[in-house]
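Asker: Next up is a structure, given as structure tokens.
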Amino acid sequence: MSRRRHGPTPMPRLHRIELDGTGPEDVVFDHAGRVLAGLGDGRLLRIDLPERPGGRPRVVEVGRTGGRPLGLDVLTDGRLLVCDAQRGLLRLDPDGTPGLDVLADSVAGQPLRFCSNASAAADGTVYFTVSSRRYGLADWPSDIVEHRPTGLLARLAPGGEPEVLLDGLQFANGVALAPDESFVVVAETGARRLTRYWLTGPEAGRHDTFAPDLPGFPDNMSRSPGGGFWVALAGPPTPPLDWLHRTAPPVRRAAAAALRLLPPLPAHAAAVVEVDGQGRGLRQLADTERQFRMATGVAEHAGRLVLGSLVEDAIAWCDIR
């Protein structure tokens, strides 16, 4: 990735908002500037950030999926898209009608078991990812280690059926549309890169590498106010893993099997990177004070950056004005 800065910049001091549950994996802002996040027990929360550090946030439950919510997106009408790792692509109204709409529970003839992240276009078309067709959420490290490309980028048009746009992705994760919706970008966690799929223009239907060699493993994404993208980095580059990815498939399969017998590794301190509309690196921020672990979601609104995490029992925010 071409960078305008060398190495990470210390992140402004993070302020934690403790939750009564674990794993707010993604974070998004609604149209009123409130944060939405989903927990490991299936609850969806709406969080009013405090006006200043030390202030009291307001946290309310706005729904339950009955599964494990991951990536989120807010539709133009205020309803919420939810990628649920167990139930598929869902939609709910956090302000009104109770209940969930199941938009898709299968893709390419297979159950939609690891729906990861989604981004909705102005016309209601939804672009979403399937991280792995081999492993579920509980075994996501095995997919990264085994390094077999089974991730998908799919599209669901209003009233239609899901169609696969890209297959063979290395753990497809975050997804975001360009401001003019001319292309969609998907994070390939296992390859440490962002891949672009063109939706309009002479390149429509083709894909290319948008940002290679990221300074960490990309997770969820969001558009930044400047027309680029924020990308959460779930962990830093790991030379032993890079070496393992160059070995033969049986070696990687054995390593993945051994990994499942080991206790989980400690999560790394939070880090994020911002890229511009051409995939060039603008800035990399790292939590040098280790106030928050394993950033898997990131969003910016009104000069504030908010982070989510697969492992924390909190979200975190900082002022980046």
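The values are calculated or read from the model by the stated rules, or taken from the named source; none is laboratory data. On a predicted model such as this, the values are computed, not experimentally measured, just so you know. Every residue, glycine as well, gets a Cβ built from its backbone with ideal geometry; the counts of neighbours run over all protein chains shown. Accessible surface areas use protein heavy atoms only, side chains included; no ligands, DNA or RNA. Shrake-Rupley method; radii C 1.70, N 1.55, O 1.52, S 1.80 Å.
Asker: Taking a Cβ-Cβ separation under 4.7 Å as the criterion for a possible partner, which cysteines of the chain have none?
Answerer: Isolated Cys, the chain: Cys318.
Asker: In whole Hz and in residue order, list the ³J(HN,Hα) couplings for segment 37-45 that follow from phi through the Karplus curve 6.51 cos²θ - 1.76 cosθ + 1.60, θ = phi - 60°; x for Gly and Pro.
Answerer: 8, x, 9, x, 8, x, 6, 10, 10
Asker: Translational D (Stokes-Einstein, µm²/s) of segment 53-123 at 20 °C and 1.002 mPa s when Rh comes from the Kirkwood sum over C-alpha pairs?
Answerer: On the way: Rh = 13.1 Å.
The Stokes-Einstein estimate is 163 µm²/s.
Asker: With 5 Å bins from zero, work out the P(r) of segment 132-183 over every alpha carbon pair and list the percent per bin.
Answerer: Percent of Cα pairs in each bin: 5, 17, 22, 22, 16, 11, 7, 1.
Asker: When the gyration tensor of segment 167-321 is built from Cα positions, what are the square roots of 5 times its three eigenvalues, in whole Å, from largest to smallest?
Answerer: 26, 23, 11
Asker: With a 1.4 Å probe and all protein chains in place, put Glu274, Glu163 in order of accessible area, largest first.
Answerer: On the way: Glu274 15, Glu163 80 Å².
Order by accessible area, largest first: Glu163, Glu274.
Asker: May I ask for the distance between the Cα centers of segment 120-177 and segment 38-59, given as a whole number of Å?
Answerer: 28 Å
Asker: Against the empirical 2.2 N^0.38 Å scaling, what ratio does the C-alpha Rg of segment 1-157 come to?
Answerer: Values: Rg = 17.0 Å, N = 157, 2.2 N^0.38 = 15.0 Å.
In units of the globular-protein estimate, segment 1-157 measures up at 1.13.
Asker: Still on this structure, I have one more. Send over a whole-number figure in Å² for the accessible area per residue of segment 147-208, probe 1.4 Å.
Answerer: Numbers: 2440 Å² over 62 residues.
Result: 39 Å² of accessible area for each residue.
Asker: Continuing with the same structure: Considering the alpha-carbon set of segment 281-321 alone, what are its Rg and its Dmax in angstrom?
Answerer: 10.3, 30
Asker: Semi-axes of the equivalent ellipsoid of segment 82-137: what are they in whole Å, largest first, if each equals the square root of 5 times a C-alpha gyration tensor eigenvalue?
Answerer: On the way: eigenvalues 86, 35, 18 Å².
Each semi-axis is √(5λ); the values are 21, 13, 10 Å.
Asker: With a 1.4 Å probe and all protein chains left in place, how much of the accessible area of segment 173-321 comes from carbon and sulfur atoms, in whole percent?
Answerer: Details: 3470 of 6190 Å².
C and S atoms contribute 56 percent here.
Asker: Then there is this: What FRET efficiency do you get for Arg64 and Leu241 if R0 is 45 Å and r is their Cβ-Cβ distance, rounded to the nearest 0.05? Mind showing how you got there, number by number?
Answerer: On the way: r = 36 Å, r/R0 = 0.79.
So, using R0 = 45 Å, E works out to roughly 0.80.
Asker: Rg and Dmax of segment 137-252, Cα atoms, in Å?
Answerer: Expressed in Å, the Cα Rg and Dmax of segment 137-252 come to 15.0, 46.
Asker: Run the simple label-point estimate for Asp139 and Ile320 please: 7 Å along Cα→C-beta, distance reported in nm.
Answerer: 3.6 nm
Asker: Can you give me the long-range amide H partners of Leu310? Hydrogens built in the peptide plane at 1.01 Å from N, cutoff under 5 Å, separation of 5 or more residues or another chain.
Answerer: Thr296
Asker: Arrange the residues Glu300, Glu161, Glu61, Glu18 by how much accessible surface each exposes, largest first, with a 1.4 angstrom probe.
Answerer: Working: Glu300 40, Glu161 150, Glu61 90, Glu18 110 Å².
Of Glu300, Glu161, Glu61, Glu18, the descending order of accessible area is Glu161, Glu18, Glu61, Glu300.
Asker: Which three numbers, in whole Å and largest first, are the semi-axes of the equivalent ellipsoid of the chain derived from its Cα gyration tensor as √(5λ)? Intermediate values should be presented prior to the final figure.
Answerer: Details: eigenvalues 132, 113, 86 Å².
Values for the chain, descending: 26, 24, 21 Å.
Asker: Given points 7 Å out from each Cα along the Cα-Cβ axis, report the Arg260 to Gln278 separation in nanometres with one decimal.
Answerer: Placing both labels 7 Å beyond Cα along the Cβ direction yields 4.6 nm.
Asker: What list of ³J(HN,Hα) values in whole Hz, one per residue of segment 231-240 in order, does the Karplus curve 6.51 cos²θ - 1.76 cosθ + 1.60 (θ = phi - 60°) give from phi, with Gly and Pro shown as x?
Answerer: Karplus values, whole Hz, x for Gly and Pro: 10, 6, 10, 5, x, x, x, 10, x, x.
Asker: Further, regarding this structure: If eta is 1.306 mPa s and T is 10 °C, what Stokes-Einstein diffusion coefficient results for segment 168-228, Kirkwood Rh from Cα pairs, in µm²/s? List each step's numbers first, then the result.
Answerer: Working: Rh = 11.7 Å.
It comes out at roughly 136 µm²/s.
Asker: So what J values fall out for segment 269-286 if you push phi through Karplus, 6.51 cos²θ - 1.76 cosθ + 1.60 with θ = phi - 60°, rounded to Hz, Gly and Pro as x?
Answerer: Once rounded to whole Hz, the list reads 5, 5, 8, 9, 9, 10, 10, 8, x, 10, x, 7, x, 9, 7, 10, 10, 10.
Asker: Measure of size requested: the Rg and Dmax of segment 232-321, with Cα atoms as the atom set and Å as the unit; please supply both.
Answerer: Over segment 232-321's Cα set, Rg and Dmax evaluate to 16.2, 49 Å.
Asker: While we're on this one: Using heavy-atom solvent-accessible surface (probe 1.4 Å) with all chains present, what is the largest-first order of Thr76, Thr200, Thr247? Could you put the intermediate results ahead of the total?
Answerer: Numbers: Thr76 115, Thr200 70, Thr247 25 Å².
Listed by decreasing accessible area, they come as Thr76, Thr200, Thr247.
Asker: Give the share of C-alpha pairs in each 5 angstrom bin for segment 35-85, from 0 to the last occupied bin, in whole percents, shortest bins first.
Answerer: 5, 20, 26, 21, 14, 10, 3
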